[in-house]
Amino acid sequence: MNYISTRDCSLKVSGSEAIVKGISADGGLFVPEVLPKLSQEVLRELAEQSYEERAAYVMSLFLEDFSYEELLEYTTKAYQRFEGDPCPLVNIDDGLFVLELWHGPTSAFKDMALTVLPHLLVASKKKMGIDDKTLILVATSGDTGKAALEGFRDIEGTEIMVFYPDEGVSAMQKLQMATQEGANVYVGAIRGNFDDAQSAVKEIFADNNIAERLKSRGYSLSSANSINWGRLLPQIAYYVSAYCDLLGSEEIASGDKINFCVPCGNFGNILAAYYAMRMGIPVNKLICASNINNILTDFFNTGIYNTKRQFFKTMSPSMDILISSNLERLLFEMLNRDDAKLKALMSELKQTGKYAVDVSLLRKDFACFAAGFATEEDTSDTIYNNFDIYDYIFDPHTAVAAYVYNEYILDGDDTPTVIVSTANPYKFSRDVYSAISEGGETDDFTAAKRLNLLTGMEIPDKIASLRDMFIRFEEVLDKTAIKEKVLNYTDKDRGNNG
Ligand SMILES: *Cc1c(COP(=O)(O)O)cnc(C)c1O
């Protein structure tokens, strides 16, 4: 199967090439030419299999240049790094399930894909006969950066540079990145927000001059952001798997529809759910949950995408995003894959900061999407209430989804629902602790300890040990300095002083 660019359908590349390049040279995103189908019969078979096998099977449908055995080797290696079941489905109430995607090395759902991507990338380069070193550039709102660093650290033939907004991530997220180990890593904080970091990185990808200068040093660029197809693909698998789990436990019968409620930022996670639905997973609603940076809520309700609005920092920082890159892939489908129209909308976005689509499109073929948002108060109330009712602790991102779900069902939908849980609450200890206690201000580590006493939930070792780790990366850059940093980085930037 080939991949085409959302901005030029005549441009066709193989799966390996889409993964190696990350983004198309025309600025578009790679999408599969056709979406493979999963029959109910196949789903029943997958229900009997392990997660590693399910994921390898789903990926094999999209990557003809890889064998099932190769993919199974990657998923096996990747999910060995997880504690127990990579994505348990926890039943917290009648017809209500939480899909916990944070049992990986960095305690956020980004691990589901970023433990697989390095295997896909290294193998893709081999298949294409590329010997260049790959320089991975990442703009992060917190969780992608750490997960990408862990995924790519000391992977031969790769270097990774991560940029995050200095004041836009949680204390634990910052420490996780600043203490990163590995000989091929660089981490820089920038003065600005996530969108600034993302725009700077996207510009570098679109700049041929930079590409050539790096090439002369033996490097080619690639992306570990969710614009890379190799990021989205492993995510489709857990939606298929959650459905299989519900079939396996007889919570649903073959063909029954379910809802997924997803906390959204860059729109990668819920887009993977949309692709799973298009492949044949029976879905009633895909519920898109936002925090007060509710640009996606407005888009689904009005058809207008307007980035000219105030940007808020919230306790769910991985969703503090105004330019959701992966929405481009959904728009492409909304426009019936009309690349010229899509390109026009994207240049309108770039020039004016907004665009609009006909709402009738949303009401017709895209009525499967519902959208809502939670304020900061709604979010902490939800953490408190759900702990009270279910004895279950949500991180702030997942709490946003839980709140939006509670609002959504007021309209009377009783379809079984999976709330997609994207982070371990200890990554955001202070906010979670203050949501469920009367205790005053504390630091994150004290909050984590108290949270542990209050809830009995175990603190992940990797988070508890952050306190004593050496801080390797402290550089803070202007957003305009990112380009130079990439062009001129040296061993010293990688923290290798000796
Ligand atoms: C990245 C992230 C999100 C948003 O996911 P997208 O795929 O960007 O929409 C939500 N929650 C957490 C904890 C995240 O790390």
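The values are calculated or read from the model by the stated rules, or taken from the named source; none is laboratory data. Being a predicted model, the structure only gives us computed values, none of them experimental. Cβ: placed from backbone, ideal geometry, glycine included. Neighbour counts: every protein chain shown. When the accessible area is computed, the model is the full protein with side chains, heavy atoms only, and any ligands, DNA or RNA have been set aside. Shrake-Rupley method; radii C 1.70, N 1.55, O 1.52, S 1.80 Å.
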Q) Taking amide hydrogens as modeled 1.01 Å from N in the peptide plane, which residues meet the under 5 Å criterion relative to S222, leaving out close sequence neighbours? A) L135, I136, L137
Q) Which of L29, S141, A178 sits farthest toward the positive end of the charge dipole of the chain, with +1 on the Cβ of Lys and Arg and -1 on the Cβ of Asp and Glu? A) L29
Q) Expressed as a whole percentage, what fraction of the accessible surface of the chain belongs to carbon and sulfur atoms when a 1.4 Å probe is rolled over the protein heavy atoms? A) 46 percent
Q.
Just to check I understand the Karplus step: with θ = phi - 60° and J = 6.51 cos²θ - 1.76 cosθ + 1.60, what whole-Hz values come out for region 399-408, glycine and proline as x?
A. 5, 4, 5, 5, 5, 5, 4, 4, 5, 4
Q: Scan around T158 for amide H atoms under 5 Å from its own, H built in the peptide plane at 1.01 Å from N, and keep only partners 5 or more places away or cross-chain.
A: T134
Q.
Only bridges whose two residues both fall in the chain count here: according to DSSP, what percent of them are antiparallel, nearest 5?
A. 25 percent
(Q) Net charge around P105, counting only other residues with Cβ within less than 14 Å of its Cβ (Lys, Arg = +1; Asp, Glu = -1)? (A) 0
Q: Could you tally the net charge around G192, taking each other residue with its Cβ under 11 Å from the Cβ of G192, Lys/Arg +1 and Asp/Glu -1?
A: -3
Q | Cα point-scatterer Debye curve for region 106-204, base-10 log of I(q)/I(0) at q = 0.10, 0.11, 0.12, 0.22 Å⁻¹ | A | -0.26, -0.31, -0.37, -1.14
Q. What are the lysines whose alpha-carbon lies under 23 Å from the alpha-carbon of K37, with same-chain residues fewer than 8 places away excluded?
A. K12, K257, K285, K364
Q. Using the Karplus equation 6.51 cos²θ - 1.76 cosθ + 1.60 (θ = phi - 60°), what ³J(HN,Hα) coupling, rounded to whole Hz, does each residue of region 83-96 give in order, writing x for Gly and Pro?
A. 8, x, 4, x, 8, x, 9, 9, 8, 9, 7, 3, x, 10
**Q.** Along each principal axis, Cα extent of region 230-319, largest first, Å
**A.** 45, 26, 24
Q.
If you count only protein heavy atoms and use a 1.4 Å probe, how large is the accessible surface of C368, to the nearest 10 Å²?
A. 20 Å²
Q.
Among P317, S421, I436, whose Cα projects farthest towards the positive end of the dipole of the chain, with charges put on the beta-carbon of Lys, Arg (+1) and Asp, Glu (-1)?
A. P317
Q. What is the magnitude of the charge dipole of region 335-452 about its Cα centre, with +1 placed on the Cβ of each Lys and Arg, -1 on the Cβ of each Asp and Glu, and no other charges, expressed in debye to the nearest 20?
A. 720 debye
Q.
From zero outward in steps of 20 Å, how is the percent of C-alpha pairs of the chain spread across the bins?
A. 24, 61, 14, 0
Q: Give, to the nearest whole percent, the P(r) tail of region 1-101 beyond 17 angstrom, counting all Cα pairs.
A: 64 percent
Q. How much solvent-accessible surface does K427 expose, in Å² to the nearest 10, with a 1.4 Å probe and all protein chains in place?
A. 0 Å²
Q. How big is the gap, in Å, between the Cα center of region 38-116 and the Cα center of region 424-467?
A. 28 Å
Q) To the nearest 10 square angstrom, how much accessible area does K364 have with a 1.4 angstrom probe? A) 140 Å²
Q: Report, in debye and to the nearest 20, how large the dipole of the chain comes out about its Cα centre when Lys and Arg carry +1 and Asp and Glu carry -1 on their Cβ.
A: 1800 debye
Q) Among residues other than S5 whose Cβ falls under 15 Å from its Cβ, what is the net charge (Lys/Arg +1, Asp/Glu -1)? A) 0
Q) Karplus couplings for region 327-337 from phi (6.51 cos²θ - 1.76 cosθ + 1.60, θ = phi - 60°), rounded to Hz, Gly and Pro as x? A) 4, 4, 5, 6, 4, 4, 6, 4, 8, 6, 6
Q. Whose amide H sits under 5 Å from the amide H of L38, counting only residues 5 or more places off or on another chain, with H placed in the peptide plane?
A. G280
Q | Under 13 Å from the Cα of K427 - aspartates and glutamates, other chains or at least 8 residues apart | A | D143, D395, D443, D444, E458, D461
